[in-house]
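Engineer: The structure under discussion is supplied below as structure tokens; questions concerning it will follow.
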Protein chains: 2
Amino acid sequence: MIDSLIPLFKPRSVAVIGASRQAGTIGNEILRNLLRCGFQGVVYPVNPHAHAVHAVRASPSVLDLPEPVDLAVVAVPAARVIEVARQCAQAGVKAMVVISAGFKEAGEQGARLEEELTTIARDAGIRIVGPNCLGVINASDEVRLDATFAPTFPTPGRVGFLTQSGALGVAILDTGEALGLGLSTFVSIGNKADVSANDMLEYWEEDPDTALILLYLESFGNPRKFSRIARRVAARKPIIAVKSGRSASGRRAATSHTGALAGVDVAADALFWQTGVIRVDTMEELFNTALLLAHQPVPRGRRVAVLTNAGGPGILAADACEAQGLTLPQLSEHTRARLSAFLPPEASVRNPVDMIASASPEAFERAVRILLEDDDIDSLIAIFVPPIVTRAQEVAEAIKAGASGSHKTILCNFLGSHGVPESLRSLQAASIPSFTFPETAAITLGRAARYGEWLSRPSGAPADLPGIDADAAAQTIQRALAGASEGAAGLWLSPDEIAEVLGAYGIRQARQRTASTADEAASAASHIGFPVALKLISQTLTHKTDVGGVRLGLRTPEEVWDAFAGMARRLEVAGHHGAMQGVLVQEMVPEGVEIIAGASLDPALGMLLMVGLGGVHAEIFKDVAVRVHPLEDIDASEMIAGLRAAPLLKGYRGAPPADTGALAELLLRLDRLISDHPQIVDLDLNPLKVLHEGQGVVAVDARIRVQPTEAQRFG
Amino acid sequence: MIDSLIPLFKPRSVAVIGASRQAGTIGNEILRNLLRCGFQGVVYPVNPHAHAVHAVRASPSVLDLPEPVDLAVVAVPAARVIEVARQCAQAGVKAMVVISAGFKEAGEQGARLEEELTTIARDAGIRIVGPNCLGVINASDEVRLDATFAPTFPTPGRVGFLTQSGALGVAILDTGEALGLGLSTFVSIGNKADVSANDMLEYWEEDPDTALILLYLESFGNPRKFSRIARRVAARKPIIAVKSGRSASGRRAATSHTGALAGVDVAADALFWQTGVIRVDTMEELFNTALLLAHQPVPRGRRVAVLTNAGGPGILAADACEAQGLTLPQLSEHTRARLSAFLPPEASVRNPVDMIASASPEAFERAVRILLEDDDIDSLIAIFVPPIVTRAQEVAEAIKAGASGSHKTILCNFLGSHGVPESLRSLQAASIPSFTFPETAAITLGRAARYGEWLSRPSGAPADLPGIDADAAAQTIQRALAGASEGAAGLWLSPDEIAEVLGAYGIRQARQRTASTADEAASAASHIGFPVALKLISQTLTHKTDVGGVRLGLRTPEEVWDAFAGMARRLEVAGHHGAMQGVLVQEMVPEGVEIIAGASLDPALGMLLMVGLGGVHAEIFKDVAVRVHPLEDIDASEMIAGLRAAPLLKGYRGAPPADTGALAELLLRLDRLISDHPQIVDLDLNPLKVLHEGQGVVAVDARIRVQPTEAQRFG
């Protein structure tokens, strides 16, 4: 799989099909880039109408080349690409980069062309990047391949960059170069007819030149596969991503732009967190976070020291740190004493450490070393504001010297200096990035620290869930679907079917039956077991309690009979004739916290699981945690802990704590249920009562929708 | 008041006291800056030990100058400043900029020095900037005053910049210059011994050279005055502020740094919003927002068009716009038709408008003009990504041409270009700023649009509140305080006193009395009027409902007697001997939404008013709106509308709407109450029931704390 990408990124020979003599055309620029970037292999221009392009002898077709080439870069009009692909197949080409536009992004006819292209390539074993892309780069000195028409060839480095937008690619290469962010590999994947982000993650996972992966994504192709691969890769190499199309109009544009499906943003957030991908909001943050992680170790925790020679910027950094969830611990007695030993009395040795304007380069070096040696500190932000006599370069060298030998994270704010200035660069040790403003340094560190936390969280595992009878549930679902009419879009299971399915997965549901007479109600209650509750069923009356429509704790058939009759009588007396369609007779569920839990199908990301606070406040405060299926065990407890209403479950204001363990297990059982039965596309437990600790959870009401086919499902 | 600042910013003559011959000292740099910046007046070095400094004849003291000077810039050690100030007073100096450090920021002794300095200056009518500051600049061509030791003299422009941190000032001047942000005036106010941010706002309000005001603040001196002045100035000129010290550690540093009081961040947010000050989170946002508002009109609304020649950046801009609360409306049929008339079929004429890579400068010009002419569009973000043949300059000129004549807001994203590039500069019309990334443009526009909304909201007015008897309340409060022991830190009013005070301000409270026997309860109920509720008073039992400790809707003295007796008996039977300390007999309050409202004293910002959702969810979701006293009428309704729980008040899920009008009036009555009686430092109505529309609000429980003196109060 990954080996098949070698001809793309480390070809020994490249043909440029559509190499043009006309300056300013794509076919002309690509050939020029390939010739001038220092490529270690051979480049062959292909052009039936030219003897030579850029002074290199051209061949009329890929079939006329003196040797079979590894890679063909194609820049001919879309209509000619199929013919070219056939020739490439015949000529034994191993990989193609199709620059040409006019495929899926351009409508139905283009989509058909793209399908044809993919078929030809698959049959011939050719890997394709594109179509509709900027191309690929391998900046490593052993290769030096520039198969793009971008003006910038990057400085070699350790960053792999993937973009789903070719236009943005030009800016990415530009900006990366300006910031001193070296690249290993760059790929513009265009329409993703073949090579996807998932493929690239697997390639970079093994690529020794790449230590850090950057993604600009507009859509997920196969989210379940992405989840599996990204989780594995992120544990070894940081992945930083911008996922655009968050907003309604952004998605509208993304759809028109790449034909990709709209993504649900909250779910995408969840997917990134679950897989350890660092999601950033803007391209600027993407570059900033990359600058830090390309040069410095991942922070081991959230504890930051701020060192400054000026108060104002120190405060700004402290504010921004805390806004990011980082902490500025009080420094230890020992550290304070060491700092006080050489700092003037006007300096502050609290955190932030303000050495005041008179701080010498030597003071910076000593303070950096002392702070990095403090066991209560995970990272250091060093801020230098030029006082009257500017010695920025000396201070930079001093900071570098103070940090040498430390394995902690250090970053700088030399006001006005963005990137890695020469004086902070190091060949022996890690270079130190600088950010323009103190807040930028803090925000960037926050992103990295969050990733550090993900790295150090206990690795999740599939849960051990006893007492599941998958076959019984399968039979119920098949029976329900068999009874449904052909082509049904979906089918809501009956209460009995729901009881069977949930029962087969060990999910407790409140026993309940409907009754339309007092006799039926009494007999239903006997069947359910006492005590029971009686709840009015009425199309017209919404506030059931107000009209005496709820009776709790009924202990005998007689009490049930009386309650039914009394309820009916009272409604009639109050003038609500015909308002009563019957009653729900329900097992009395003990007191507990009302929760909603469920699963639903997202068109872009597959099945999502959610849990949230129940009742009116759930809707108002939208306090819901979402994860993408499948869950690891740790995901379930993180979902619960992540609710703002989590304190309610922990025993708020002296109330007994609720059974959060059982709630977490329930989420894992739901996850298993939708995993075993992909026909389930919608599942709601609402309300779900979380009882006191040790007493479990009970679904008071449940709905399940199933679909006859898996057509809409991924994975 | 403002005239007294003229000698500071437009002096005819300046003495530099402490002018030094030694390079690298502050006194040397300041004189050099003054001499080389093109100052239109006369500069006199003062140095008792030098014949000349920077080749200008020096005088031994300010008393020996050939003429009285307007401004003295002081850079001598703190210990000598008092003597210098006395000489300045004697010599008729009108204003001083005291650069020297070692005052309030350095401890008690420094604070005493600073007080002495202030007294001398006040007695002599001298205005002081500083001490402990970087100095002041007037960049206007008519003045050209650089009384700082910063290396950069700014290009003249329309921006007034104030910083409370001198060190940050150096960076501010640097960054502003790099971005092409011209300054009118710069002032580093240091310890604010005299000239404060409030003074500067009033100066800039009238200064014809200043159209936009930027503030870096670490504390508010006099928040009530700030509120009054900023509100007035912001209606004429945009004010953009970074207020640092948001976080606990940031405040720790801010306190140590300037001796300023800690600010409550939420309250500071409220103060800025009430006064129309654009609060930004970071220095970067400060500069970005300034770049936009220095060159472009304030957006008239939230409706944005995005124009791009590349899909990816357009999507990023759209996402960021919506995250800022901006909208991308669908373009009108007419606009789409006009665009389609010249764009290729592959282009998208939805919003974002994607002209694709082939877009010519002419296409940019036409599209910009068409979009700005659309009545449904308030602002335009134009994005240009260089395609293969880079023509950035031509495109910039085209965008400028397309925008000429329009009074709408337009900003650009030329990838990698931050500031106002030459090609977007205009002498005739407004220049167009460019931001490095599309998201930055969107975020900046969002800030400006929010200010536009503040500008266009109906201007608030003091509320008309009938039926207030301020004297009655004053008597009650005085009586309570008279009875208190001397030096009491504060005193909680008794239930009867609370009833009197709230009654005098037309605030309805549920009538209630405590009773310790059944007879007392029955008699209390008769006094209150039926029906009543009985609520157990118990130190030991918290869940009153569980033990039958709440009885509602009692209609006769007999029912009250029975309920008391039954409650007592039931507790005894259940083994809760001695758990009952009595009952609260309370008027039955009709159904309503439970709310908390109140006021409390913030040490930095004075009295704050708050309103929030009641009950457990209030604590968990912290759904509270805060404003700084005094309120205008519009503030009260904005507070209520700003609650996330606002839908609950509007008639959620078919419930009748609550009386939000009465709730708004209640907030204004509270505001009046604390305004009339500054002894009130704490006031809580919790819970407060908002009844159905037209039925008002009722405080079910209330607490009021008063203080004998006004020592802790501002204003």
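Read the figures in this text as sums done on the coordinates, not as results from a lab. No experiment lies behind these values; they were computed from the predicted model shown. For neighbour counting, all protein chains shown are included, and Cβ atoms are generated from backbone atoms with ideal geometry for every residue, glycine included.
Engineer: Under the rule of at least 5 residues apart or a separate chain, name every residue whose amide H is placed under 5 Å from the amide H of B:Leu215.
Structural biologist: Result for B:Leu215 returns B:Leu162, B:Ile240, B:Ala241, B:Val242.
Engineer: For the residues A:Arg144, B:Arg672, what sequence is obtained by ranking on other C-beta atoms within 10 Å, fewest first? Mind dumping the intermediate values first?
Structural biologist: Numbers: A:Arg144 17, B:Arg672 20.
Listed from fewest to most nearby Cβ atoms, that is A:Arg144, B:Arg672.
Engineer: Something else now. In chain A, with Lys and Arg counted as +1 and Asp and Glu as -1 at Cβ, which of these residues, A:Pro156, A:Ala449, A:Ala522, has the Cα nearest the positive end of the dipole, that is, farthest along it?
Structural biologist: Ranked along the dipole, the leading option is A:Pro156.
Engineer: Another question, if that's okay. Along the principal axes of its C-alpha atoms, what lengths does the stretch A:3-292 span, in descending order and rounded to whole Å?
Structural biologist: Rounded to whole Å, the extents work out to 54, 41, 33 Å.
Engineer: Further question on the same structure: Return the average number of partner chain Cβ atoms within 10 angstrom of each residue Cβ along peptide B:319-325. Kindly include the intermediate steps, with their values, before the conclusion.
Structural biologist: Values: counts 15, 6, 3, 6, 6, 1, 0.
Whole-number average of other-chain Cβ neighbours for B:319-325 is 5.
Engineer: Under the definition of Cα pairs under 8 Å and six or more residues apart, what whole-number percent is the relative contact order of the stretch A:299-456?
Structural biologist: Numbers: 312 pairs, mean separation 45.8, N = 158.
Value for the stretch A:299-456: 29 percent.
Engineer: Now for a separate question. From other protein chains only, count the Cβ atoms within 10 Å of every residue's Cβ in B:433-439, then give the mean.
Structural biologist: Working: counts 0, 0, 1, 7, 8, 6, 7.
Whole-number average of other-chain Cβ neighbours for B:433-439 is 4.
Engineer: Return the sequence-ordered ³J(HN,Hα) values of the stretch A:318-329 in whole Hz as given by the Karplus equation 6.51 cos²θ - 1.76 cosθ + 1.60 applied to θ = phi - 60°, using x for Gly and Pro.
Structural biologist: Residue by residue, the stretch A:318-329 yields 4, 4, 5, 4, 5, 5, 8, x, 7, 10, 10, x Hz.
Engineer: Another one. Taking 23 Å as the cut-off for C-alpha to C-alpha distance, list the pairs among B:Lys104/B:Lys243; A:Lys622/A:Lys650; A:Lys622/B:Lys243; B:Lys10/B:Lys104 that go past it. Don't skip to the end; give the middle numbers.
Structural biologist: Values: B:Lys104/B:Lys243 21 Å; A:Lys622/A:Lys650 20 Å; A:Lys622/B:Lys243 30 Å; B:Lys10/B:Lys104 28 Å.
Cα-Cα > 23 Å for A:Lys622/B:Lys243; B:Lys10/B:Lys104; rest within.
Engineer: Then there is this: Pick out, from A:Gly110, B:Pro344, B:Gly490, the residue whose Cα sits farthest towards the positive end of the charge dipole of the protein assembly as shown, with +1 on the Cβ of Lys and Arg and -1 on the Cβ of Asp and Glu.
Structural biologist: Selected residue: B:Pro344.
Engineer: What's the exposure ranking of B:His54, A:His577, A:His407, A:His677, going from fewest to most Cβ atoms within 10 Å? Don't jump to the answer; show the numbers that get you there.
Structural biologist: Details: B:His54 17, A:His577 8, A:His407 11, A:His677 20.
Ordered from fewest to most neighbouring Cβ atoms within 10 Å, B:His54, A:His577, A:His407, A:His677 come out as A:His577, A:His407, B:His54, A:His677.
Engineer: Working from Cα positions, state the angle (0 to 90°, nearest 10) between the long axis of helix B:392-403 and the longest principal axis of chain B.
Structural biologist: With rounding to tens, the tilt is 60 degrees.
Engineer: By its C-alpha gyration tensor, with a ≥ b ≥ c as the square roots of the eigenvalues, how is the stretch B:297-456 shaped: rounded for a/c under 1.5, else prolate for a/b larger than b/c, else oblate?
Structural biologist: Values: a/c = 1.36, a/b = 1.15, b/c = 1.18.
The shape class here is rounded.
Engineer: What are the label-to-label distances in nm, one decimal and shortest first, from A:Pro329 to the same spot in the other copies, with labels 7 Å along Cα to Cβ?
Structural biologist: Those separations, rounded to one decimal, come out as 5.5 nm.
Engineer: Still on this structure: For chain B, what does -39500 (n - 2.57) per DSSP helix run (n ≥ 4), summed and divided by total residues, give at 222 nm, in deg cm²/dmol to the nearest 500? Write out the running numbers ahead of the final one.
Structural biologist: On the way: 23 runs with 272 residues, N = 715.
Roughly -12000 deg cm²/dmol at 222 nm, from the helical runs in chain B.
Engineer: Rank by packing, highest mean first: peptides B:355-363, A:181-189, A:663-671, B:297-305, with packing defined as the count of other Cβ atoms within 10 Å averaged across residues. Before the final figure, lay out the partial values.
Structural biologist: On the way: B:355-363: 19.1, A:181-189: 27.0, A:663-671: 23.1, B:297-305: 21.6.
Per-residue mean Cβ counts within 10 Å order the peptides as A:181-189, A:663-671, B:297-305, B:355-363.
Engineer: Between the label point of B:Pro297 and that of the same position in each other copy, find the distances and list them shortest first in nm, with every label point placed 7 Å from Cα along the Cα-to-C-beta direction.
Structural biologist: Reported distances to equivalent positions: 5.7 nm.
Engineer: About the Cα centre, and with charges only on the beta carbon of Lys, Arg (+1) and Asp, Glu (-1), how big is the dipole of the stretch B:3-292? Nearest 20 debye, please.
Structural biologist: On the way: 28 positive and 30 negative charges, 51 e Å.
Roughly 240 debye, rounded to the nearest 20.
Engineer: Distances from B:Ala565 to the same residue in each other copy, label points 7 Å out along Cα→Cβ, in nm, shortest first?
Structural biologist: Inter-copy label distances (nm, one decimal, shortest first): 3.3.
Engineer: Follow-up question, since we're still on this one. Quick query: amide H of A:Val43 versus all other amide H atoms, modeled in the peptide plane; which residues come in under 5 Å with a sequence gap of 5 or more or a different chain?
Structural biologist: Excluding prolines and chain starts, which carry no amide H, the hits are A:Val14.
Engineer: Right, something else. Spelling out what I want: for every residue of the stretch A:65-79, take phi, set θ = phi - 60°, compute 6.51 cos²θ - 1.76 cosθ + 1.60 (Karplus), and round to whole Hz; glycine and proline get x.
Structural biologist: With coefficients 6.51, -1.76 and 1.60, one gets 6, x, 8, x, 9, 6, 10, 10, 9, 10, 9, 10, x, 3, 4 Hz.
Engineer: Which residues' amide hydrogens lie under 5 Å from the amide hydrogen of A:Val53, considering only partners 5 or more residues apart or on another chain, with H built in the peptide plane?
Structural biologist: The answer is A:Ala58.
Engineer: Please state the charge dipole magnitude for the protein assembly as shown, taken about the Cα centre, from unit charges on C-beta atoms (+1 on K and R, -1 on D and E), reported in debye and rounded to the nearest 20. Each step should come with its number before you reach the end.
Structural biologist: Values: 128 positive and 160 negative charges, 342 e Å.
Using Cβ point charges on Lys, Arg, Asp and Glu, the protein assembly as shown gives about 1640 debye.
Engineer: List the relative contact order of the stretch B:605-652 as a percent without decimals, with contacts defined as Cα pairs under 8 Å and 6+ residues apart.
Structural biologist: 36 percent
Engineer: Quick one: B:Arg653, A:Arg232, fewest Cβ neighbours within 10 Å first, how do they rank?
Structural biologist: Working: B:Arg653 9, A:Arg232 14.
Neighbour counts put them in this order, fewest first: B:Arg653, A:Arg232.
Engineer: Next question. Placing unit charges on C-beta atoms (Lys and Arg positive, Asp and Glu negative, everything else neutral), compute the dipole magnitude of chain A about its Cα centre in debye, rounded to 20. Please list the in-between numbers first.
Structural biologist: On the way: 64 positive and 80 negative charges, 180 e Å.
With Lys and Arg at +1 and Asp and Glu at -1, about 860 debye.
Engineer: For peptide B:159-169, how many partner chain Cβ atoms fall within 10 Å of a residue's Cβ, on average? Don't jump to the answer; show the numbers that get you there.
Structural biologist: Details: counts 0, 0, 0, 0, 1, 3, 8, 6, 15, 10, 3.
Shielding by partners across B:159-169 averages 4.
Engineer: Along the charge dipole of the protein assembly as shown, which of B:Tyr203, A:His617, A:Met96 sits closest to the positive end, that is, farthest toward it, with unit charges on the beta carbon of Lys, Arg, Asp and Glu (+1, +1, -1, -1)?
Structural biologist: A:Met96
Engineer: Tabulate in residue order the Karplus-calculated ³J(HN,Hα) for the stretch A:229-235, using 6.51 cos²θ - 1.76 cosθ + 1.60 with θ = phi - 60°, rounded to whole Hz; enter x for Gly and Pro.
Structural biologist: Once rounded to whole Hz, the list reads 6, 4, 4, 5, 5, 4, 6.
Engineer: Quote the relative contact order of chain B in percent (integer), defining contacts as alpha-carbon pairs under 8 Å separated by 6+ residues.
Structural biologist: Values: 1536 pairs, mean separation 61.5, N = 715.
RCO, chain B: 9 percent.
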